[in-house]
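The values are calculated or read from the model by the stated rules, or taken from the named source; none is laboratory data. Model, not experiment: these values are computed from the prediction. When we count neighbours, we look across all protein chains shown, and the Cβ atoms used for this are built from the backbone with ideal geometry, even at glycine. Each accessible area value is taken on the protein alone, full model and side chains, heavy atoms only, with ligands, DNA and RNA left out. Shrake-Rupley method; radii C 1.70, N 1.55, O 1.52, S 1.80 Å.
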Amino acid sequence: MTEVPPDRELFVGNIPSNIDERFLLHFLNGAMRHANLCHRNDTPCLSCQINSGNFAFVEMTDAEMANKCLNLNGILFLNARIKVGRPKKYAGPFVVTKTWQELMGEGLTIDAVLDSEKEKVNRELFVGNTTPEMTDQMLRDFLGAAMESVGLNIMEGNPITLCELFGKYAFIELRTPRETTNALNLNNIPFMGSNLQITRPSKWQGKFEPHSNWEHILARFNMKPEEFQLGQILNPAVIAATPTDKLVEGDDINVVKAELAQVKRALEITRVQLDEANKKSEARKEQLVSLNKKWAEGKTELTEKKHELAKVKGEAGKKPDFDMDVDSRFEAQELRRKHEETQGMLRGVTESLVKATEKLQNERKARKSLEMQLSKSSGFVLQMEPDEEAAKSETSSQPASGIDFASLRAEMNTDGTHAATAPVLETPKAGSNDVEMDDDEPKLDSLKEFLSKTPKTNIDWNAGATPGSEVSASRGRDRGGVRLCRLLISCPIMSGQDASDVQGMAGKYNLGGYIKVGKPGFIVVEGLEFNCDIFMDNMERQKKKYANAGKILERSGRAFPMELVKLDGGSADADFRKAVESVGLKDKLDVAVSG
């Protein structure tokens, strides 16, 4: 994670273990939208970094959103109440915020997170009679494991979040006040030849709480201290008879109701996120099917060009080299160049299809992980998959369109020159944990195997081209049959830094074209329709306002460079208008300028 300004960074503590970073980001963004702390389509939490100590650092879009996110302090997240606060390096002004319970008008639960400085003393304990041989980690792991063994913790994981050892004594900090009270029952527990004394610190001003000692806890299991082995799980129901427990009566029932209400809100937030992920997954599937059809069209074109090249080679092979005239040689070279161009285009389509397929599989894995986490933590089982009968009928109504990669490789390897010089890339096979794909979707292993057997082409499409020269040159090449998308995007003002950011984003999707800085700013890109749609979707999510000014689809060769070129200087406006006019977007540009 790169260096983040302190006013845009937040500390999130007490998170459960084995949590995915993307899962935590989805939950925080969904909670802020649910509490109306941001607009419904905003994504205030940009990234996060989870550390091994059950805490994370989250990067926000700006300082204002960071201040609003502080109101999530105390929200219930997978049976744990997370803490949201400023990191230690923050030196800005103090901001008055509320806890999640205060923000949503809910009653405080037993383990609710209050003001961090005031309630910290309720989660601290003093540990005396330690020895120099002990370390912070050893003491933390031992006491946490002992609490889990006899059922003194209220949730999974080590309840001790911090341990500081000072020679003959130490201080420990626990997750919740309830677990802190339960930990008093560890008093007089033996560890490394010493009986530890566990009490409240001297600065604690609360009431005395009756509790048992370690030997009393083991006596309820009919065990002696020397018979206890760390790691064995005892029956936690026996602990219910300790003096610290109370019957759920009167006001305690309201506390339980408040906890159930918060769990219900958390489930609603997670369910909405699962629904959104399911919709995106279905949309990605449709895009993959469409891209698969385009890939098949490119295969057909490649086969036709191969036959033409084979025919010319056959005719040229029957004549001696000295009898071949200049026209025949030029025609053979031209057909070979067209074959390489078509092969390169097919490889580019395949690479895009591989990226989209991997992204779909990752989304499905994330969705499965969300369902499993939700089922384990709350006991609810969400049925997010479609009905089996509906799926069968849909599958039967749509025939699968497969691709014969073996025959395609055999056809392409007929050219001895390319077969001898093509680099072979080792592609790892898919593991057993890959997400299963539908019959109408391209197989990821087959696509990767095709890429490993397909030679790369080193073709400079527009060497030394200018906005006026590359249009005529590219139109002269016979590359029809590939459906390209030309997209015109406008924004109120575009600086040089904005142009650099857009260039980097366009490079990820293999888009080329031109970008004009100034007021107003314009962008025109060219590439596959699938890549253009994803690029426009990402542009609309940016803080700066970008608008779709026009879009056309055409089966033709490339008219723009392979990379996004920034136009500046006195002739920038004329060059950009000339480039836009060459692809039929002049009317769209005039409307955007006048509007």
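Listed values, structure above:
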quantity: Segment 540-595: equivalent-ellipsoid semi-axes (sqrt of 5 x gyration tensor eigenvalues, Cα, Å); calculated: 19, 16, 15
quantity: Gyration tensor (alpha-carbon) shape descriptor, segment 480-548, a/c threshold 1.5; calculated: prolate
quantity: Whole-percent pair-distance distribution, where bins are 10 Å wide, for the alpha carbons of segment 18-68; calculated: 26, 55, 19, 1
quantity: Charge tally in the Cβ shell below 12 Å around residue 493, where Lys, Arg are +1 and Asp, Glu are -1, residue 493 excluded; calculated: +3
quantity: Modelled FRET efficiency - R0 25 Å, residue 156 with residue 256, Cβ distances, 0.05 increments; calculated: 0.80
quantity: Residue-level accessible surface for residue 154, protein heavy atoms, 1.4 Å, Å²; calculated: 50 Å²
quantity: Two-decimal Rg to Rh for segment 16-104 - Kirkwood Rh, Cα set; calculated: 0.92
quantity: For segment 482-595, projected area of the alpha-carbon convex hull averaged over all directions, nm²; calculated: 6.2 nm²
quantity: Packing-based ranking, highest mean first, of 131-140, 352-361, 333-342, 179-188 given that Cβ atoms within 10 Å are counted; calculated: 179-188, 352-361, 333-342, 131-140
